[in-house]
Amino acid sequence: MAGTEVLWLNGDFVAPGEAMVSVDDRGFLFGDGIYEVIGGVGERLFAFDRHWRRLRRSVEQLDIVGVDFDQIEATIREAVRRAQCELTVVYLQITRGAAPRSHAWDPTGLTPTVLIRVREEPQPDPAQAEQGVACLTVPDLRWGRCDIKSLNLLPNVMAKQQARTSGCYEAIFVGADGIVTEGSSSSLAIVSGGELWSHPNGPRILPGVTRELSTILAADLGLTLHERQFDRATMLAADEVILMATSFDILGVTSIDGQTIGTGRPGDVARRLAERFRRAFYGGEF
Ligand code: PDD
């Protein structure tokens, strides 16, 4: 049975239709905040510690002060208990707070706005995993700190929309220097010459939790994930292209910009990694 949606805003559990934030909220005015998306099975959240570390780092990097992490963690646990989902997804958003619009902020005068939303994650589509997905490439127009999970997602949402209107599942960012970075809401790896490659962690990509766990799980399959840069031509010539994200785990890419990848079906590595990942997810390994 599907769970109920549970929402908590600034200290109180509220009915989802009744939650209100100020028009002065800097998240609304400037996208001045950060977020996290955590999946799980029932009350057991997957890779919580890794998401938590990334969240804390995002908050610190943006100099957002006054966040009560202990209260937020306890509330997430309580919200997950109340929601009683089969497949759980937690959306957590923290903004710098509300103040009359001014680019600079008063470091002492703001209380962060905290939103926790828990709901049922739709069951994964087996056809998608079986058949793989089509992608397109787009210029990476994002800022120089993509390692922060900030609310500023305009290039990402524009890219995703372009993918969807073109009948594609995901947009893959390619930098001005020709280097492939990641998907608009996913990490990316390729299989080339029997090796797994993914863009090195750093300011050009989000340090994806699914990608980090894939590095560990790939080792179980006798594979090493190498952090290394590659360009669009290398990606198009790869044996496999693989997307990784909390929302869908691991997916094989079967075409990019209309060109077939590998055999045109999800490859062996994508399939094995996805299977190993599912086992870890449902078995609560992380
Ligand atoms: N997005 N890269 C980008 C730009 C992302 O937005 C995401 C996740 C990832 C994968 O990270 P993780 O494995 O930790 O979910 C990589 C989330 C799901 C979102 O924006 O909804």
Using a 10 Å cut-off on Cβ atoms, rank the peptides 31-42, 190-201 from the highest mean neighbour count down. 31-42, 190-201
Choose one of T113, I72, L87: the residue whose Cα lies farthest towards the positive end of the charge dipole of segment 61-134 (beta-carbon charges +1 Lys, Arg; -1 Asp, Glu; about the Cα centre). T113
When the distances between all Cα atoms of the chain are binned every 10 Å from zero, what whole-number percent does each bin get? 6, 27, 34, 23, 9, 1
Segment 95-184 -> Rg/Rh from Cα coords, Kirkwood Rh, value 1.09
What FRET efficiency, computed as 1/(1 + (r/R0)^6) with R0 = 35 Å and r the Cβ-Cβ distance, is obtained for A19 and Q131, rounded to the nearest 0.05? 0.40
Just the number, please: percent antiparallel of the DSSP beta bridges in the chain, rounded to the nearest 5. 80
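Rounded to the nearest 20 Debye, what is the dipole magnitude of segment 127-286 about its Cα centre when Lys and Arg each give +1 and Asp and Glu each give -1 at the C-beta?
Magnitude of the dipole: close to 340 debye.
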Averaging sequence separations of C-alpha pairs under 8 Å and six or more residues apart, then dividing by the length of segment 157-202, give the relative contact order as a whole percent. 23
Highest mean first, how do 90-100, 237-247 rank when packing is the count of other Cβ atoms within 10 Å averaged over residues? 237-247, 90-100
What is the extension gain from L153 to D12, computed as 0.36 nm multiplied by their sequence separation minus the C-alpha to C-alpha distance, in nm to one decimal? 48.0 nm
For a label point 7 angstrom out from the Cα of D68 toward its Cβ, which stretches of segment 11-27 have the backbone nitrogen within less than 12 Å? 11-12
Quick one: Karplus J couplings for segment 245-254, per residue in order, coefficients 6.51, -1.76, 1.60, θ = phi - 60°, nearest Hz, x for Gly and Pro? 6, 4, 5, 9, 6, 10, 10, x, 9, 9
Using just the helices of the chain, give the 222 nm mean residue ellipticity in deg cm²/dmol: DSSP H runs with n ≥ 4 each add -39,500 (n - 2.57), and the total is spread over all residues, rounded to 500. -9000 deg cm²/dmol
Express in nm, to one decimal, how much length is gained between A176 and A104 on full extension, taking 0.36 nm for each residue of separation and deducting their alpha carbon distance. 22.9 nm
Averaging sequence separations of C-alpha pairs under 8 Å and six or more residues apart, then dividing by the length of segment 110-177, give the relative contact order as a whole percent. 41
Here the relative contact order (percent) of segment 1-79, from C-alpha pairs under 8 Å and at least 6 apart, is 21
With only Lys, Arg, Asp and Glu charged, each at its Cβ (+1 for the first two, -1 for the last two), find how big the charge dipole of the chain is about the Cα centre; round to the nearest 20 debye. 140
Given L55, A159, P122, which one lies farthest toward the positive end of the charge dipole of the chain, if we put +1 on the Cβ of every Lys and Arg and -1 on the Cβ of every Asp and Glu? A159
Would you kindly derive the ³J(HN,Hα) couplings of segment 189-194 from the backbone phi angles with the Karplus curve 6.51 cos²θ - 1.76 cosθ + 1.60 (θ = phi - 60°), listing them in order in whole Hz, with x for Gly and Pro? 9, 10, 10, 9, x, x
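Values quoted throughout were computed directly from the atomic coordinates according to the rules given, and no laboratory measurement underlies them. Please read these numbers as outputs of a predicted model, since none were measured by experiment. In this analysis, Cβ positions are derived from the backbone assuming ideal geometry, glycine residues included, and neighbour counts consider all displayed protein chains.
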